[in-house]
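S.K.: Here it is: the structure, laid out below.
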Amino acid sequence: MGTPTIRIIIMALFSELRRRNVIKVALLYALASLLILWLVGGSLIWLGAPKWANEFVTLVLAIGFPVALIFAWVYEITPTGLHKSKDVDQTQSFVYKTGQKLNAAMAVLAVLGVLALVGERLLPTFELPKIIEPILLPPVYEVPDTAGVPEEIRAHTLDNGLRIIVWPDHDIPNVVMYNFVRAGARNEYPGITGLSHFFEHMMFNGTRRRKQGEFDETMEAAGGANNAYTSQDLTVYQDWFPRSALETIFDLEADRLHHLSIDPEVVESERGVVYSERRLRIDNDNFGRLYEQMMSTAFIAHPYQVPVIGWPSDIESWSQGDLESYFRTYYAPNNLTMVFTGDVLPDEIFVMAEKYFGPIPDRDPPSSITTVEPQQQGERRLLVAADAPTPLLHVTFHAGSATDPGTLPLNVLLSVLVGGSSSRLHQQLVESEPLALSVGGFQMEGLDPGLVYFYLTLPPGSEVSVVEARLLEELDRVANEGITDAELQKARNIMVADYWRSLSTINGKAAALGRAEVFRGDYQLAFSLPDELQAVTAAEVQQAAVDIFDRNSMTIGVLRSPAEEDEHEDE
Amino acid sequence: MRMNKPRPVLLALLFAAAAFADGVTLPTAERVVLENGTVLILNENHDVPLIGLEAVVRGGAAADPVGKYGLASLLASLLEKGAGERTSAEFAEAAASVGGELSASASLETLTVSADFMSKDAALMVELVSDMLQRPTLDAGEFTKLRDRSINLIKAAKGSDPGNLMPYYANAFLFGEHPYGNPVDGSESSLANVTHGDLLAYYADMVGGDRLIISVSGDFEVAAMRDALAAAFGDSPPATGALPEVAVPAAVAGSRVYLIDKPGATQTYFRIGNVGVSREFARRAELDLANTVFGGRFTSMLVTELRTKSGLSYSASSRLARYAQPGSVFISSFTETSTTTEALDVALGTLGQLRDLGLDEEMIVSARNYVMGQFPPRLETAAQLAGIFAMLEVNGLDASYINAYGDSLSAATPVSIAEVINAVYPSADNLVFIILGDADIIREQVAQYGPVTEISISEPRFHP
């Protein structure tokens, strides 16, 4: 506090502020602004107003605030009209009556506010998403700047590095959350293979605040469901829930990121679960058995050779210390990207994220993967001897990463070769000749250069070498002759229709935004496919075939019964 | 992966999970009956430039003759292999060239053609579906190729991922020669029995405009779509044969074991169950709540006991198949060969716990929230809506089947649910066990559950 003189001046000023109704005006203004923002916020959504409309109204109200106060100070309402306060004869001053009117106005606004709140409860059809805290001047969040990107999408990065993208869509009263953790099998090495996937299981198995099972019990009781998957590049957590469970989800997700407990007893029991999953997907599944061997043969240096589920001896042996250090390294907010789609507003997500995830400290980023797969120096072959009535033939070639400019032309090429029942390889190998029961293919499109992968199931007793020769002949043909304009257009149409199908659900939207952000560095690239496809030429597609189908980068794997081959040798 | 997501299964299984949140109602649709009896259902929505169409013919694999299982399924697949003026290759090309998806399949009670096209290609979609159902080529050469391929795909499944075949073995053992024992896609031996002539006869007898329902949802104008469908299907003649009449299947009394030997398997797959209830079962809400808690979600009793607490298995579930007559109720899971009986005993103990203790108030609230919270995404796309409308129509249900569901879930009590559990879930002394694994190791152990019927996985059939 200052000297007594200053205190007297301040008190006098305060009393004059009160006499001139400036304080009442300020209160009234604030109350009216809140009501206007609340009403406008709701109606704008329904009217489909542009994203800046809400911000604009907020800005106008904010600018109006000091103006109203200055006006209240300078002017006074008198029976003869509006006059500057200093010109009004104080004995004739009318301000107390104006004050009463202001009181009445505040009362009316308060009643309106209460009525609106009650009305909102009574009218379920007008159920607006409730903003958890009033935000008068929301911070400026990133707004899409590219044509064709839905303008209601918002992105924001918390101070601790957690990246959040929100796409509001109010068609159904549900929400989807994806949490992309930048940790997968590519971050593993001998001794801890499968740890990323095992960790994914442990993220559901208890925190310092919740015992094992409580995460799922709480989520399902609130109407939500969840799942997760691990790949070579990422561990991805997914929640699907009604809007009413939003805050519960934040609480659960923040709890396991902040307070995870790794109970040694649960670790032991979970090893059994993961081993059961390995038996299901690999050991008792011929495709899985051959795929595992293909990856570990096609890659000799890069960790893409590591099976996501882990080698059996590692599943049995990783230690408590491995798990704790893994969590510290990879589950920091600056290593995560979260996507929310569905019946939410970006502002409420960002405010909740700040509240729940904001307190989680960031950490040093994990060291990057520097190993580059050396160029393959010649064809590699492998055999899996299994009791299989129908042999499998898998063929891979080295290809690029998700950001490689050749990735899209290669996808067009794959669509021509294996995209559905009208594709070249299906028509040639399955329908016309028929040498195979089924044929398929994909490319990895990961963080690092991966593979293009073809897989065929053959009829019992097949001469695998004959089918292999026919397959390679078709690959050579497309490299030598290219594709037709009709095939290019068909591939474009299939890919654009699939693009629309993927965006027809809030789940597909979340997956698309997250993949574009994590693999290509910008969620807005999720919307570039139609334009990019239009730019792909038949020549680029042919060039992709020439570049990729190089015999020296090929790995061929066969799974079959030893007995079956013997029969052929006898023939 | 943390847990298998439920696969898209038979239409009938939609009922097992069909549920709606309070205040979420089925959108309105226009229903038109053409003079030949074909029913059109049209729901217009313009969210994305796509149209979903489902054309359903009543009948399905329940009409397959005994020993010729897989006939309806083969017919469905053959519908795609050439129709109208187009050869098989041209037909596939026509749909794919515009990015359209087109497929046909059979279930026990229906034969269904599904289409999903960009809205600009609506006319082509109607033409292709119309050709498939009314002017299929049904070429003999294509038939033979398809049949041989289907047989070989079953062989492939036996070698790899045999868990996929468990429903076929389980239904064959539980229902025997009753139509619900039909492995809808056939067995190696039953497919070999099907002739081209059988298929032509089935088409003439079973497919016709009077049994056809066409449900379409998405980005179109109702009047134009209605006129296009009426023009394309209005002249479709009636089917000449009678719809299959399905008797009430008898529940199994006592306990029996069906052991499928797969030498060298490192894990055992199993199902435990009996005959359950039909679609007419009045206490649907109670049953859905009970099954959600028992084996219908991640925190279910079965997953908790077989996975979370014991680490015996990666997953476990319970399912009810509901048709015009009572279908199956099955627990299913899998475990390492050496823990086969341990896992079976845990599953049996959990079934006993369900029957003895029922559901308390807290479980009911949780299950209700879960069922209601997970439903809206089932109605999100045009293709999903087309499917739901078709499902309601083919089963003679109206929108209240879905719109009133939230209320009936709310009305369920611990007492009403306990009654349903004891009426539907089998008691410990009346069970069939279907067990697939390495018989040399588990044969003697599983005999404790009842008399054992054994078959080798290499036998070309699913029935004992």
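S.K.: For residue A:192, are the conditions met, namely being more than 10 Å from every other protein chain (Cβ to nearest Cβ), aliphatic (A, V, I, L, M) and either surrounded by 20 or more Cβ atoms within 10 Å (Cβ to Cβ) or more than 28 Å from residue A:354 (Cβ to Cβ) (or both)?
M.R.: So residue A:192 passes the test.
S.K.: Name the residues in segment A:475-485 that are within 14 Å of another protein chain (Cβ to nearest Cβ) and either in a loop (DSSP other than H, G, I, E, B) or at pLDDT below 95 (or both), would you? Step through it out loud before you land on a result.
M.R.: Pass one, segment A:475-485, residues within 14 Å of another protein chain (Cβ to nearest Cβ): A:483-485.
Of everything in segment A:475-485, those that are within 14 Å of another protein chain (Cβ to nearest Cβ) and either in a loop (DSSP other than H, G, I, E, B) or at pLDDT below 95 (or both) turn out to be A:483, A:484.
S.K.: Any idea which residue in segment B:85-99 is nearest to the other protein chains (Cβ to nearest Cβ), counting only those that are under 12 Å from residue A:497 (Cα atoms) and surrounded by 23 or more Cβ atoms within 10 Å (Cβ to Cβ)?
M.R.: Of everything passing the filter in segment B:85-99, B:99 is nearest to the other protein chains (Cβ to nearest Cβ).
S.K.: A follow-up question, please. I need every pair where a residue in segment B:195-211 that is free of Cβ contacts under 8 Å to residues at least 60 places away in the same chain and closer than 17 Å to residue B:146 by Cα has its Cβ under 6 Å from the Cβ of a residue that is among the aliphatic types (A, V, I, L, M) and assigned to a helix (DSSP H, G or I), sequence separation at least 6 or different chains.
M.R.: Once the first residue is free of Cβ contacts under 8 Å to residues at least 60 places away in the same chain and closer than 17 Å to residue B:146 by Cα and sits in segment B:195-211, its partners that are among the aliphatic types (A, V, I, L, M) and assigned to a helix (DSSP H, G or I) give B:196/B:140.
S.K.: Being among the hydrophobic types (A, V, I, L, M, F, W, C), farther than 15 Å from residue B:348 by Cβ and buried (at least 24 other Cβ atoms within 10 Å of the Cβ) is the filter here, so list the residues in segment B:291-305 that pass it.
M.R.: B:293, B:303
S.K.: Residues that are in contact (Cβ under 8 Å) with a residue 40 or more places away in the chain and more than 30 Å from residue B:209 (Cβ to Cβ), at least 2 per element: which helices (runs of 4 or more DSSP H) completely within segment B:331-414 meet that?
M.R.: Hits in segment B:331-414: B:340-357, B:361-373, B:405-411.
S.K.: Here is a list: A:341, A:329, A:370, A:297. Which entry is part of a strand (DSSP E or B) and among the hydroxyl-bearing types (Ser, Thr, Tyr)?
M.R.: Unique residue meeting the criteria: A:341.
S.K.: Can I ask one more? Restricting the search to segment A:503-544, which residues are within 13 Å of chain B (Cβ to nearest Cβ) and among the polar types (S, T, N, Q)?
M.R.: A:504, A:505, A:507 - these are the residues of segment A:503-544 that are within 13 Å of chain B (Cβ to nearest Cβ) and among the polar types (S, T, N, Q).
S.K.: Can you tell me how many residues within segment B:274-329 are closer than 29 Å to residue B:247 by Cα, of a type in the set (A, V, I, L, M, F, W, C) and assigned to a strand (DSSP E or B)?
M.R.: Result for segment B:274-329: 4.
S.K.: Can we say residue B:375 is within 10 Å of another protein chain (Cβ to nearest Cβ) and crowded, with 23+ Cβ neighbours inside 10 Å?
M.R.: no
S.K.: Mind checking whether some residue in segment B:55-76 is assigned by TED's automatic domain parsing to the domain that holds residue B:38, among the hydroxyl-bearing types (Ser, Thr, Tyr) and surrounded by fewer than 23 Cβ atoms within 10 Å (Cβ to Cβ)? Before you say what the answer is, go through the steps one by one.
M.R.: So the first thing to find is which residues in segment B:55-76 are assigned by TED's automatic domain parsing to the domain that holds residue B:38, and the list is B:55-76.
From what is left, the residues that are among the hydroxyl-bearing types (Ser, Thr, Tyr) are B:69, B:73.
When the remaining residues are screened for being surrounded by fewer than 23 Cβ atoms within 10 Å (Cβ to Cβ), the result is none.
Looking through segment B:55-76, none of the residues is assigned by TED's automatic domain parsing to the domain that holds residue B:38, among the hydroxyl-bearing types (Ser, Thr, Tyr) and surrounded by fewer than 23 Cβ atoms within 10 Å (Cβ to Cβ).
S.K.: If you scan segment A:249-264, which residues turn out to be of a type in the set (Gly, Ala, Ser) and not in a helix (DSSP H, G or I)?
M.R.: Hit for segment A:249-264 is A:261, nothing else.
S.K.: I would also like to ask the following. Restricting attention to helices (runs of 4 or more DSSP H) lying wholly within segment B:122-217, give those where 2 or more residues are among the small types (Gly, Ala, Ser), touching a helix residue (DSSP H, G or I) at 6+ places or on another chain (Cβ under 8 Å) and within 14 Å of another protein chain (Cβ to nearest Cβ).
M.R.: Helices (runs of 4 or more DSSP H) meeting the threshold: B:140-159.
S.K.: Can you tell me which residue among B:288, B:356 is buried (at least 19 other Cβ atoms within 10 Å of the Cβ) and among the acidic types (Asp, Glu)?
M.R.: Values: B:356 fails: buried (at least 19 other Cβ atoms within 10 Å of the Cβ).
On inspection, the qualifying residue turns out to be B:288.
S.K.: Another one. Within segment A:269-286, can one find any residue that is modelled with pLDDT of 90 or more and touching an Asp or Glu at 6+ places or on another chain (Cβ under 6 Å)?
M.R.: Among the residues of segment A:269-286, not one is modelled with pLDDT of 90 or more and touching an Asp or Glu at 6+ places or on another chain (Cβ under 6 Å), which makes the answer no.
S.K.: Still on this structure: Considering only residues that are assigned to a helix (DSSP H, G or I), closer than 15 Å to residue A:417 by Cα and of a type in the set (Gly, Ala, Ser), which ones fall in segment B:88-103?
M.R.: Answer for segment B:88-103, where residues must be assigned to a helix (DSSP H, G or I), closer than 15 Å to residue A:417 by Cα and of a type in the set (Gly, Ala, Ser): B:89, B:92, B:96.
S.K.: If you check every pair at least six apart or on different chains, which have Cβ atoms under 8 Å apart with a residue in segment A:464-482 that is of a type in the set (Val, Ile, Thr) first and a residue that is in a helix (DSSP H, G or I) second?
M.R.: Listed by first residue and then by second, the contacts come to A:467/A:429; A:478/A:413; A:478/A:416; A:478/A:417; A:478/A:424; A:478/A:542; A:478/A:545.
S.K.: A further question follows. Those residues that are surrounded by 13 or more Cβ atoms within 10 Å (Cβ to Cβ) and under 24 Å from the mean Cα position of the chain (by Cα), I need them from segment B:242-256; list them, please.
M.R.: Of everything in segment B:242-256, those that are surrounded by 13 or more Cβ atoms within 10 Å (Cβ to Cβ) and under 24 Å from the mean Cα position of the chain (by Cα) turn out to be B:243, B:244, B:246, B:249, B:251, B:252.
Okay, residues lined up against (1) more than 14 Å from chain B (Cβ to nearest Cβ); (2) surrounded by 18 or more Cβ atoms within 10 Å (Cβ to Cβ); (3) out of contact with any strand residue (DSSP E or B) (no Cβ under 7 Å at 6 or more places or on another chain):
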| position | (1), (2), (3) |
| --- | --- |
| A:445 | yes, yes, yes |
| A:473 | yes, no, yes |
| A:492 | no, yes, yes |
| A:497 | no, yes, no |
| A:501 | no, yes, no |
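S.K.: Would you check if there is a residue in segment B:393-402 being over 21 Å from residue A:171 (Cβ atoms), touching a strand residue (DSSP E or B) at 6+ places or on another chain (Cβ under 7 Å) and not assigned by TED's automatic domain parsing to the domain that holds residue B:54?
M.R.: yes
S.K.: Quick one: would you say residue A:539 is buried (at least 21 other Cβ atoms within 10 Å of the Cβ), part of a helix (DSSP H, G or I), in contact (Cβ under 8 Å) with a residue 40 or more places away in the chain and of a type outside the set (Lys, Arg)?
M.R.: When the stated conditions are applied, residue A:539 does not pass them.
S.K.: Mind listing whichever residues of segment B:131-181 are of a type in the set (A, V, I, L, M), within 17 Å of the chain's Cα centre (by Cα) and over 24 Å from residue A:392 (Cα atoms)? Break it down stepwise before answering.
M.R.: We begin by selecting, within segment B:131-181, every residue of a type in the set (A, V, I, L, M); these are B:132-133, B:138, B:140, B:146, B:151, B:153-154, B:156-157, B:165-166, B:170, B:172, B:174.
Right, trim to within 17 Å of the chain's Cα centre (by Cα) and you get B:165-166, B:170, B:172, B:174.
The answer is B:170, B:172, B:174.
S.K.: Within segment A:157-167, track down each residue that is touching a residue at least 24 places away in the same chain (Cβ under 8 Å) and either among the polar types (S, T, N, Q) or in the same structural domain as residue A:527 (by TED's automatic domain parsing) (or both). Reasoning before the result, please.
M.R.: Applying the first criterion (touching a residue at least 24 places away in the same chain (Cβ under 8 Å)) to segment A:157-167 yields A:158-167.
Selection gives A:160 alone.
S.K.: Exactly one of (1) in a loop (DSSP other than H, G, I, E, B); (2) more than 14 Å from chain A (Cβ to nearest Cβ) is unmet by residue B:112. Its number?
M.R.: (1)
S.K.: Please go through segment B:313-327 and give me each residue that is touching a Lys or Arg at 6+ places or on another chain (Cβ under 8 Å) and in contact (Cβ under 8 Å) with a residue 40 or more places away in the chain, ordered by number.
M.R.: Answer for segment B:313-327, where residues must be touching a Lys or Arg at 6+ places or on another chain (Cβ under 8 Å) and in contact (Cβ under 8 Å) with a residue 40 or more places away in the chain: B:314, B:315, B:322, B:323, B:324.
S.K.: Another one. In segment A:215-230, what count of residues is obtained for those that are surrounded by fewer than 18 Cβ atoms within 10 Å (Cβ to Cβ) and either free of Cβ contacts under 8 Å to residues at least 24 places away in the same chain or closer than 22 Å to residue B:362 by Cβ (or both)?
M.R.: 2
S.K.: Scan segment B:143-156 residue by residue and report those that are out of contact with any His (no Cβ under 8 Å at 6 or more places or on another chain) and within 16 Å of residue B:70 (Cα to Cα).
M.R.: If the condition is that a residue be out of contact with any His (no Cβ under 8 Å at 6 or more places or on another chain) and within 16 Å of residue B:70 (Cα to Cα), then B:145, B:146, B:147, B:148, B:149, B:150, B:151, B:152, B:153, B:154, B:155 are the ones that fit.
The values are calculated or read from the model by the stated rules, or taken from the named source; none is laboratory data. What you are looking at is a predicted structure, and each value in this text was computed from that prediction instead of being measured. In this analysis, Cβ positions are derived from the backbone assuming ideal geometry, glycine residues included, and neighbour counts consider all displayed protein chains.
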